[in-house]
Each structure stands twice: as C-alpha cells, then as structure tokens.
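Undergrad: Take a look at this one; I'll ask things after.
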Amino acid sequence: MHYPENRELQEVFERIESCLENGLPFAIYRKPDHKELLAVFQSDQELVVSTDFTERGFVFAPFDKENEAVLIQPDEIWKGEFILDKPPINSEISLDETGKEDHLNLVKSGIQEIEKGRLQKVVLSRKIEVPITKNPAQIFKTLLHHYPNAFGYLFHHPKVGTWCGATPETLVKVKDRKLQTMSLAATLTFVENEDPKWGSKEIEEQQMVSEYIGDKLAHTMERLEIDEAESVRAGNLWHLRSEVRGTMLADLKVKKVINALHPTPAVCGIPTGEAQQFIQANENYQRTFYTGFLGELNLSSQGELSLFVNLRCMQLEDDKASIFVGGGITGASDPESEWIETQNKSKTMLSIL
C-alpha cells in the first residue's frame, strides 16, 4: 500500500520497518476520531521505565501494576496526516472452538466465587494464537482503516516485544488538572439497522463499574460528574459507556489517580484486588500487557496525559499473533453466552489479520 501523494507518510512507515529490523524502540499511534498520526522514536535499545508518570514519552504499562511501566523516550517525534481508505468488506471469519471447555470451566469457577460472596464481578479472558502473513506495519495500517474511532497503535521494544491494537476504552485524560475518564462495560453484537437491546445483566454490570470509579476517584477530586450510560459502537460490537469528568485537587500527584483507576473494573473486576488474585490464579496464561494501559505522557505539556486501556490488541511474534479476548462475569452470567461473547470479540482482531 503506497502513498505517492504523501511521501512523508511512506517514509515514516519505512522508518518503522527499519526500527523493527534493527530492534529500536518506537510507538506510532492515532487518537480516536483523529486524522493525525504520531510516532515517538527512541534512539537506543535501553529499557527505560516510568516511576511516577511525570516523565515525558510514550508509556506502555502491564496489567499487574507490581510490574514496571515501559517508557519509549521521545528522542524524535513525528506527526503527519493519515488518509483513510474505505476498508475492504470483511470476508466471513471462521471461528475455532479450541479452548471452549477450558473457558466454560473458568467462567463457572468465576460464578462460584461470586456466589460465595468473595467477588461482585470478575473479568476472565483467554489467548488465541493464529498464524500471520502480514508484517506489523501492514497490520497496523489495516487496523487504522477499520477502526477510526478507536485508539490505534503499534508499539515495539526489543526487550518487551511488538504489540498492536485498536482500543475503545480511555483510562484517563488529564489537562490543566481537568480529568476525563469513562465507565465502559457490557457487550452486544452489532446488527445493521438495529438498536442494541440491553438486558438487566448488562445494565447492572455497567452501573457497578460507574459506582466503583466514582468511589475510587471521590477523594482525589474537587468535583466529579458521571453521565448516564449510553450505547457506543466499537467495530462489530456495542458497549455501554458513561463519561466521567472531574477537577483534580491542587496538590494531587497523577500517579495516585492512575493507581486509583488501574486496573479498571471493566478489565479486572470488583473488588479489583480480589478479582486480580483470582485472575492470576485461574487464567491459564499471563496477561502481561493485555488490559494494561498505554499512551502519551507529558508530550505536549507537563501534567498532560492521554492514556488508554490495552484492549482489542495482539502481540506479534515472528509468524504468529496472540489475540486476547475476555468478558465480565457476574452472578447472572451464563457460561455458554460468555464463550459466544469472546468469540464475537475475537472477530475484531481476526478481521485485521
């Protein structure tokens, strides 16, 4: 896919392919509903970490906050416009039933834990490995065309790996002490010309997340507003989302806000500590950076952040991609329906490959 009318864009993709070959760290990304593409390049292979999120660069943080958040240092920053082509119509994706029994048993264990009263909600996921023939830059371009209203990114560090995704969920945005985040939960498949019909399970799940975020942020804000839930579309799925806005207390450290929000109930559960323990003991793989967060730290000005939850993502290794899919489990969950939900979610990334 060449861009003769935009030589600069072609050059940045050539630069990315060179960084991948030579093991140099970079992140290239586009914010939701933006035309501008941004890239952050680090000039050496050093593994730099963020200690308190006051550093400048692109952060890539894992699900488990006990592990360190990787920082791509902005030795060079590139900006340019990415022109959208009309994405090709997806051919029918054939879904594999491999791992179904294991996932049903995992969901049943989660429901039992909720029935015992230890959890209100837990988000359980699985990993799907598929062969790939496209290179990371081609996968990233395809993803940008398909998901213009998501945060689309390609990240590489030789000591961490190569990740790519199109996430619909904001972790937090901060500018001039004004904070924005969202409460996102519940999933239905998109059907042309039909509005989503939410059941009580989905409405309660989203309400639970909104209340939890409100409780977590209340002591860090001068004021806090949480909107009513609305249906939002992400690719071939619907979700329920409430916008959350606030003004941070004057002496508040941004690390405190990030720690209050991450991991969110939408990717972990309620209460988050107990849910995370259950996930790490029962999911049969390590999430690493899936359901972590990523984005800009202080690139425009000090104290300005734009961070997203690492959902709808994949890890790229040689000739295979690992795709991650999960769903929120409550006392009202049905294991078979939860399996179908993960199958539907897998189409988002499988369609890119």
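The values are calculated or read from the model by the stated rules, or taken from the named source; none is laboratory data. The structure displayed is predicted, hence computed values, not measured ones. Note that we place each Cβ from the backbone using ideal geometry, even for glycine, and neighbour counts take in every protein chain shown. SASA here: full protein model, heavy atoms, side chains in, ligands and nucleic acids out. Shrake-Rupley method; radii C 1.70, N 1.55, O 1.52, S 1.80 Å.
Each row is one residue, and each column tells you yes or no for (1) surrounded by fewer than 20 Cβ atoms within 10 Å (Cβ to Cβ); (2) over 20 Å from the mean Cα position of the chain (by Cα); (3) part of a helix (DSSP H, G or I); (4) hydrophobic (A, V, I, L, M, F, W, C).
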position	(1), (2), (3), (4)
H103	no, yes, yes, no
V122	no, no, no, yes
K127	yes, no, no, no
V130	yes, no, no, yes
H145	yes, no, yes, no
L154	no, no, no, yes
G165	no, no, no, no
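Undergrad: Next question. Against the definition (at pLDDT 95 or above, open to solvent by less than 30 Å² (accessible area, probe 1.4 Å) and of a type in the set (K, R)), how does R56 come out, yes or no? Outline the logic, then answer.
TA: Details: at pLDDT 95 or above: yes; open to solvent by less than 30 Å² (accessible area, probe 1.4 Å): no; of a type in the set (K, R): yes.
It is false that R56 is at pLDDT 95 or above, open to solvent by less than 30 Å² (accessible area, probe 1.4 Å) and of a type in the set (K, R).
Undergrad: From H157, H145, grab the single residue that is closer than 23 Å to I28 by Cα and touching an Asp or Glu at 6+ places or on another chain (Cβ under 6 Å).
TA: On the way: H157 fails: touching an Asp or Glu at 6+ places or on another chain (Cβ under 6 Å).
Result: H145 is the single residue among H157, H145 that is closer than 23 Å to I28 by Cα and touching an Asp or Glu at 6+ places or on another chain (Cβ under 6 Å).
Undergrad: Among the residues of the range 238-292, how many are among the hydrophobic types (A, V, I, L, M, F, W, C) and in contact with a Cys (Cβ under 9 Å, 6 or more places away or on another chain)?
TA: Just the residues of the range 238-292 that are among the hydrophobic types (A, V, I, L, M, F, W, C), to begin with: 238, 240, 244, 248-250, 252, 254, 257-258, 260-261, 266-268, 270, 275, 278-279, 281, 289.
Retained after the next criterion (residues that are in contact with a Cys (Cβ under 9 Å, 6 or more places away or on another chain)): 275, 279, 289.
Selection size over the range 238-292: 3.
Undergrad: While we're here: Kindly establish whether K141 is assigned to a strand (DSSP E or B), surrounded by 14 or more Cβ atoms within 10 Å (Cβ to Cβ) and not small (G, A, S). Reasoning before the result, please.
TA: Values: assigned to a strand (DSSP E or B): no; surrounded by 14 or more Cβ atoms within 10 Å (Cβ to Cβ): yes; not small (G, A, S): yes.
Answer is no for this residue.
Undergrad: Go through (1) open to solvent by 10 Å² or more (accessible area, probe 1.4 Å); (2) assigned to a helix (DSSP H, G or I); (3) of a type in the set (A, V, I, L, M); (4) in contact (Cβ under 8 Å) with a residue 12 or more places away in the chain one by one and return the number of the condition I258 breaks.
TA: (1)
Undergrad: So which residues in the range 58-79 are closer than 29 Å to Q276 by Cβ and of a type in the set (K, R)?
TA: Step one: filter the range 58-79 for residues closer than 29 Å to Q276 by Cβ, giving 58-72.
Across the range 58-79, the qualifying residue is only K65.
Undergrad: Looking only at the range 265-282, how many residues end up being open to solvent by 10 Å² or more (accessible area, probe 1.4 Å) and not in a helix (DSSP H, G or I)?
TA: Looking only at the range 265-282, we keep the residues that are open to solvent by 10 Å² or more (accessible area, probe 1.4 Å), and these are 266, 271-274, 276-278, 280-282.
Now restrict to residues that are not in a helix (DSSP H, G or I): 266, 271.
Total satisfying the criteria: 2.
Undergrad: Still on this structure, I have one more. Looking at E8, is it open to solvent by 50 Å² or more (accessible area, probe 1.4 Å), in a helix (DSSP H, G or I) and modelled with pLDDT of 95 or more?
TA: Values: open to solvent by 50 Å² or more (accessible area, probe 1.4 Å): yes; in a helix (DSSP H, G or I): yes; modelled with pLDDT of 95 or more: no.
Judged against the criteria, E8 is not a match.
Undergrad: Hey, E21 hits all of (1) open to solvent by 80 Å² or more (accessible area, probe 1.4 Å); (2) outside any helix (DSSP H, G or I) but one; which does it fall short on?
TA: It fails just one condition, (2).
Undergrad: If you don't mind, another one. Say we look at the range 332-350 and pick out the residues that are part of a loop (DSSP other than H, G, I, E, B) and open to solvent by 20 Å² or more (accessible area, probe 1.4 Å); which of these is farthest from K320 (Cα to Cα)?
TA: Filtering the range 332-350 for residues part of a loop (DSSP other than H, G, I, E, B) gives 332-334.
After this cut, where a residue has to be open to solvent by 20 Å² or more (accessible area, probe 1.4 Å) as well, the list is 332, 334.
Details: A332: 36, D334: 31 Å.
Here the answer is A332.
Undergrad: Same structure again: With the condition kept exactly as written, say whether any residue in the range 60-77 is out of contact with any Ser or Thr (no Cβ under 6 Å at 6 or more places or on another chain), part of a strand (DSSP E or B), modelled with pLDDT of 95 or more and surrounded by fewer than 16 Cβ atoms within 10 Å (Cβ to Cβ). Before you say what the answer is, go through the steps one by one.
TA: Taking the range 60-77 first, the residues out of contact with any Ser or Thr (no Cβ under 6 Å at 6 or more places or on another chain) are 60-61, 64-68, 70, 72-74, 76-77.
Add one more test, that the residue is part of a strand (DSSP E or B), and what stays is 60-61, 70, 72, 76-77.
Of the ones still in play, those that are also modelled with pLDDT of 95 or more are 60-61, 70, 72, 76-77.
With surrounded by fewer than 16 Cβ atoms within 10 Å (Cβ to Cβ) added as a condition, the list becomes 76-77.
Checked against the condition, which is being out of contact with any Ser or Thr (no Cβ under 6 Å at 6 or more places or on another chain), part of a strand (DSSP E or B), modelled with pLDDT of 95 or more and surrounded by fewer than 16 Cβ atoms within 10 Å (Cβ to Cβ), the range 60-77 yields at least one hit.
Undergrad: Hey, another quick one. Look at R223 and say whether it is modelled with pLDDT under 95, under 18 Å from the mean Cα position of the chain (by Cα), over 28 Å from R118 (Cβ atoms) and surrounded by fewer than 19 Cβ atoms within 10 Å (Cβ to Cβ).
TA: Details: modelled with pLDDT under 95: yes; under 18 Å from the mean Cα position of the chain (by Cα): no; over 28 Å from R118 (Cβ atoms): yes; surrounded by fewer than 19 Cβ atoms within 10 Å (Cβ to Cβ): yes.
No; evaluated as a whole, the condition is false for this residue.
Undergrad: Can you find even one residue in the range 170-177 that is touching a Gly at 6+ places or on another chain (Cβ under 7 Å) and over 29 Å from P335 (Cα atoms)? Break it down stepwise before answering.
TA: Step one: filter the range 170-177 for residues touching a Gly at 6+ places or on another chain (Cβ under 7 Å), giving 174.
Right, trim to over 29 Å from P335 (Cα atoms) and you get 174.
The answer is yes, given that some residue of the range 170-177 is touching a Gly at 6+ places or on another chain (Cβ under 7 Å) and over 29 Å from P335 (Cα atoms).
Undergrad: I've got another one for you. Among the listed residues L297, L316, identify the single one that is over 18 Å from F53 (Cβ atoms) and crowded, with 16+ Cβ neighbours inside 10 Å.
TA: Details: L297 fails: over 18 Å from F53 (Cβ atoms).
When all the criteria are applied, what remains is L316.
Undergrad: While we're here: Out of all the residues in the range 283-308, which are aromatic (F, W, Y) and assigned to a loop (DSSP other than H, G, I, E, B)? Steps first, please.
TA: So the first thing to find is which residues in the range 283-308 are aromatic (F, W, Y), and the list is 285, 289-290, 293, 308.
Across the range 283-308, the qualifying residues are Y285, F289, Y290.
Undergrad: On to the next question. Quick check: anything in the range 210-218 among the aliphatic types (A, V, I, L, M), open to solvent by less than 10 Å² (accessible area, probe 1.4 Å) and within 22 Å of the chain's Cα centre (by Cα)? Walk me through how you get there before you give the answer.
TA: Of all residues in the range 210-218, those among the aliphatic types (A, V, I, L, M) come to 213, 217-218.
If we keep only those that are open to solvent by less than 10 Å² (accessible area, probe 1.4 Å) too, we end up with 213, 217.
Those left that are additionally within 22 Å of the chain's Cα centre (by Cα): 213, 217.
Yes: the range 210-218 contains one or more residues that are among the aliphatic types (A, V, I, L, M), open to solvent by less than 10 Å² (accessible area, probe 1.4 Å) and within 22 Å of the chain's Cα centre (by Cα).
Undergrad: Can you tell me which residues in the range 182-203 are touching a residue at least 40 places away in the same chain (Cβ under 8 Å) and buried (at least 18 other Cβ atoms within 10 Å of the Cβ)?
TA: M182, S183, L184, A185, A186, T187, L188, P196
Undergrad: Let me ask another. Could you figure out which of (1) out of contact with any Leu (no Cβ under 6 Å at 6 or more places or on another chain); (2) open to solvent by less than 10 Å² (accessible area, probe 1.4 Å) isn't true of L171?
TA: The number of the failed condition is (1).
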